[in-house]
Amino acid sequence: MTAPPLLDIAGLTVEFMTRRGTVTAVEKVDLEVRKGETVGIVGESGSGKSVTSYAVMRILDRAGRIATGSITFSGIDVGRAAESAVRELRGREMSMIFQNPRAALNPIRKVGHQLEDVLIEHAQASPRDARAKAIEALAQVKIANPAERYHAYPFELSGGMCQRVVIAIALACQPQLLIADEPTTGLDVTTQKAVMDLVVELTRARGMSSILITHDLGLAAAYCDRVVVMQQGKVVETAPSAAIFEAPRHAYTRKLMRATPRSGVTLRDLLPQGAAPAGATPRRQREPAAPLLVVENLVKEYPRQGVVGKLRHLFTNKLEPEDEKPFRAVDGISFEVGRGETVGLVGESGCGKSTTSMMITRLLDPTSGRILFDGEDIGTIPAKGFARLQQRRRIQMVFQDPTDSLNPRFSAARAIADPILQLGDKLSKRALQSRVEELATLVGLPTALLDRFPHQLSGGQKARVGIARAMALDPDLVILDEPTAALDVSVQAVVLNLLDDLKARLGMSYLFVSHDLNVVRLLCDRVIVMRQGRIVETGRTERVLEAPAAAYTRELLAAIPHPPV
Amino acid sequence: MSQITEPGTLQPLPLHSGDVTADTDIARPPSPSLLAHARYVVAENPVTGLAFVLFVLIVAAALFGPSLVPYDPLASNTAAALQPPSAAHWFGTDQLGRDIFSRVVVATRLDLGIAVASVALVFVLGGLAGVAAGYFGGWTDRIVGRIADTIMAFPLFVLAMGIVAALGNTVTNIVIATAIINFPLYARVARAEANVRREAGFVQAARLSGNSEARIVLGHVLPNIMPIMVVQMSLTMGYAILNAAGLSFIGLGVRPPQPEWGIMVAEGAAFIVSGEWWIALFPGLALMLAVFCFNLLGDGVRDLVDPQRRT
């Protein structure tokens, strides 16, 4: 191709001034984006992929600066251009979509008005026809009833809808380059597919170039022409996306690819070559004993308290039927978990899976239904009093966010010891310490790190502390609430293997709550698919994932981005 | 009983799943020590350093002042009345010939004592009430919230005057009055901070670990909001000093001849028109510096205790 690329990054180095001296976030990155091309930048956290895009937009924060290298965007040197010139470029020539769409929108302004602002600011519309153009832009991102949604506030829209509005704003001025920074992280898999399809369709139709920044190799491969893999601030590999999956050249790319859960592999396959013993751990057959946990007709209702309903109640003193009917987050579900079994609870956000797990862990009281744990109905014990009972020992949980679930003022050792101190047998100080060290060793946390506080530990280490804490009391049932959702893919691979090994050694049951079918496939014996508070499908993992009976399960499976292998 | 309860029988898991080298992310190095961090905060913001120096001076004056001053703060000497500042009397003398420098320094202990006592009192009462309101919500929240609203509905200084007048004109009652008017500030800050942490993951985890609600509030939530409360304490300390001096100024609380900044300013005010400016000026300056110091210190303490600023 002889035409100069739209965006040409040459030898870019970005440095941040910190207390510990200068930190190089991006080092000698070369990258070009041609017209009409979609380039994926893939890497784990700290790889410098976002910083690169911020440098392109010149929105680095104050401590960061471009040390060397140049960024040329359609002939303009962005790195050295005056701020006013860059401001002209931003929005009109290149624009950006951020990770959290709700945070990117002003919460107290109607989305239509926010769209108008951009149109008027960049002289795409006059105040007179702005409204019509804004509605048209909303229609282009496939928002149903755009004239109505024009008046919606961000909190009235779902995450996927908000991201569509953000895309509409980003594309309002017909930019030449769109940078999408993790645009679908935090969105459901079906929404992710819809949003990504929309981005690709719109950019293709307009002949735009785009950069997709993501941690998900599968997503990048499915939607990008070329993929750039970054590690610790450096580009390690650049290749067309088909080629990168067929023949990854760099060791890091291979490691990333291995660690990505996908169909047709076992848990052990996720680990780097050589680290795993040959062959998979055989799935243990369930012994036909009485199930450990039986859930019968479990229901959780929340009263609807709409402002409109309340006002109507105040003034007319009568309730409309729809106000009176409470919202059912969990709508009469029944299932069992056998001893030593791993059951996956799968569904998209709002399907009631978290509410269900909270009720089983007895942090939340069910409205009706029974939770039989080892034959005893624990659903009737109020959640408030459950903490001090002996049954508490037997049901533990590993939380989604390892950072949020550790007390910032407790050291790792203190965090692991907490359940033992509260519920365990009285131990001498030395016995307690040796028990904590034993648990740390069990989860592969170096005992030297036990004195550290959460902010001094990495994500994977924090996850291990959380797991050790859950294992401290020898529970019979552990609820895993998306335990790897906040972790990088290679750390996820290690943590999933750890969980599987722990189960094999300690023989407990897992209830694995997740939205990621690929992860569920690896870990679970049986799967329960939930939607809108109800169970849609249940069965053995292989059966459900290979021959799904319910239309919704098929939809979920189809939405997973498949790398072109 | 599974194998894990017998200590010593456990072997570490095989390398493939337990080895940390398999983690790609590397732990951050430990944070610098508190001292190193304090040095950094002071170096970055010299005004904070100044405030720390002032603070040390004020505390030293409160602790050792009475045994260091050149004159007895209560001894009157009519022969030397109303003398302007000189080498013998640095800050001059008042209408009874008492050395103003000695009186200003000795007064530090009383003023600081009132402020510290009232802030400690309101920290315990307001902090606990606020944390309980934020954590438990419901009726606790409503009651604490309405108490705070009621106090806020009064002009605070007038309320303090009323409380001292009603309870009796003593130093203890000044402490109580100052604590009461600061109550809403503490209760609201503590409530907001506790409310945010109410559903935090580590609180849920503490429930799973078998902590009772009371233990979660005191052992998990409260320690996490302490940094913010400490900043709040430093900021209100200056206000408490001002309030105590203000009450004394209008004749409530501390009585003459006891040296106290507010009374000294009140006594000196009458002499300004006749040209004896030093009687009111120096205690006023001491008051100003103390308030100034604690306000600046609040900013410094916030930088010091905020973990975000540590890395």
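Here is a check on your reading of the model: is A:P402 within 10 Å of chain B (Cβ to nearest Cβ) and in a loop (DSSP other than H, G, I, E, B)? So A:P402 passes the test. Could you go through the range A:194-217 and let me know if any residue there is buried (at least 22 other Cβ atoms within 10 Å of the Cβ), closer than 16 Å to A:E37 by Cα and in contact with a Lys or Arg (Cβ under 8 Å, 6 or more places away or on another chain). Within the range A:194-217 (the criterion being buried (at least 22 other Cβ atoms within 10 Å of the Cβ), closer than 16 Å to A:E37 by Cα and in contact with a Lys or Arg (Cβ under 8 Å, 6 or more places away or on another chain)), the answer is yes, since at least one residue qualifies.
Listed here are the residues, each with its yes/no results for (1) under 29 Å from B:S76 (Cβ atoms); (2) crowded, with 21+ Cβ neighbours inside 10 Å.
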position	(1), (2)
B:E213	no, no
B:S234	no, yes
B:A240	no, yes
B:V265	yes, yes
B:L296	no, yes
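Take the residues in the range A:350-381 that are among the polar types (S, T, N, Q), within 12 Å of another protein chain (Cβ to nearest Cβ) and not in a loop (DSSP other than H, G, I, E, B); name whichever of them is farthest from A:F335 (Cα to Cα). Step by step, filter the range A:350-381, then rank; the result is A:S354.
In this structure, does A:N518 turn out to be within 11 Å of another protein chain (Cβ to nearest Cβ) and not aromatic (F, W, Y)? For A:N518, the condition - within 11 Å of another protein chain (Cβ to nearest Cβ) and not aromatic (F, W, Y) - is not met. Sub-7 Å Cβ pairs linking a first residue in the range A:444-459 that is over 21 Å from A:V489 (Cα atoms) to a second residue that is polar (S, T, N, Q) and modelled with pLDDT of 85 or more, at least 6 apart or interchain, are A:T447/A:T441; A:L449/A:Q461; A:L450/A:S411; A:D451/A:S411; A:R452/A:S411; A:F453/A:S411, ordered by first then second residue.
Restricted to the range A:1-105, the set of helices (runs of 4 or more DSSP H) holding at least 3 residues that are exposed (fewer than 14 other Cβ atoms within 10 Å of the Cβ) and either more than 28 Å from the chain's Cα centre (by Cα) or in contact (Cβ under 8 Å) with a residue 60 or more places away in the chain (or both) comprises A:83-92.
The set of residues in the range A:428-440 being facing chain B (nearest Cβ under 8 Å) and either of a type in the set (D, E) or in contact with a Leu (Cβ under 7 Å, 6 or more places away or on another chain) (or both) consists of A:R435, A:E438. Residues in the range B:77-93 include none that are at pLDDT 75 or above and within 14 Å of another protein chain (Cβ to nearest Cβ).
Scanning the range A:449-469 for residues that are at the interface with chain B (Cβ under 8 Å from one of its Cβ atoms) and either modelled with pLDDT of 90 or more or assigned to a helix (DSSP H, G or I) (or both) yields A:L449, A:H455, A:Q456, A:G459, A:G460, A:Q461, A:G466, A:R469.
When the range A:475-508 is limited to residues that are in contact with a strand residue (DSSP E or B) (Cβ under 9 Å, 6 or more places away or on another chain) and of a type in the set (D, E, K, R), the one that is surrounded by the most Cβ atoms within 10 Å (Cβ to Cβ) turns out to be A:D481. Checking A:G11, A:G21, A:G75, A:G46 one by one, the residue that is modelled with pLDDT of 85 or more and either small (G, A, S) or out of contact with any Asp or Glu (no Cβ under 8 Å at 6 or more places or on another chain) (or both) is A:G11 and no other. Of all residues in the range A:107-124, exactly one satisfies the criterion of being part of a helix (DSSP H, G or I), in contact (Cβ under 8 Å) with a residue 24 or more places away in the chain and farther than 16 Å from A:I167 by Cα, namely A:E121.
With respect to (1) at pLDDT below 75; (2) at the interface with chain A (Cβ under 8 Å from one of its Cβ atoms); (3) closer than 25 Å to B:P227 by Cα, the lone exception for B:Y40 is condition (1).
Of all residues in the range A:208-247, exactly one satisfies the criterion of being part of a loop (DSSP other than H, G, I, E, B) and more than 21 Å from A:T52 (Cβ to Cβ), namely A:A247. Within the range A:382-399, residues that are over 16 Å from B:A214 (Cβ atoms) and within 8 Å of another protein chain (Cβ to nearest Cβ) have Cβ atoms under 7 Å from residues that are among the small types (G, A, S) and part of a helix (DSSP H, G or I) in these pairs: A:Q396/A:A470; A:M397/A:A470; A:F399/A:G466; A:F399/B:G201; A:F399/B:A205, counting only partners at least 6 apart in sequence or on another chain.
When A:I535, A:I528, A:I479 are checked against the criterion of being in a strand (DSSP E or B), out of contact with any Pro (no Cβ under 9 Å at 6 or more places or on another chain) and within 23 Å of A:V265 (Cβ to Cβ), A:I528 stands alone in meeting it.
Looking across the range B:129-147 at every residue that is without any contact (Cβ under 8 Å) to a residue 12 or more places away in the chain and of a type outside the set (F, W, Y), the one that is surrounded by the fewest Cβ atoms within 10 Å (Cβ to Cβ) is identified as B:G138. Taken as a whole, the structure places A:D425 among residues that are facing chain B (nearest Cβ under 10 Å) and free of Cβ contacts under 8 Å to residues at least 24 places away in the same chain.
The values are calculated or read from the model by the stated rules, or taken from the named source; none is laboratory data. Keep in mind that this is a model prediction, so the values were computed, not measured. FYI the Cβ positions are ideal-geometry reconstructions off the backbone, even for glycines, and counts take in every protein chain you see.
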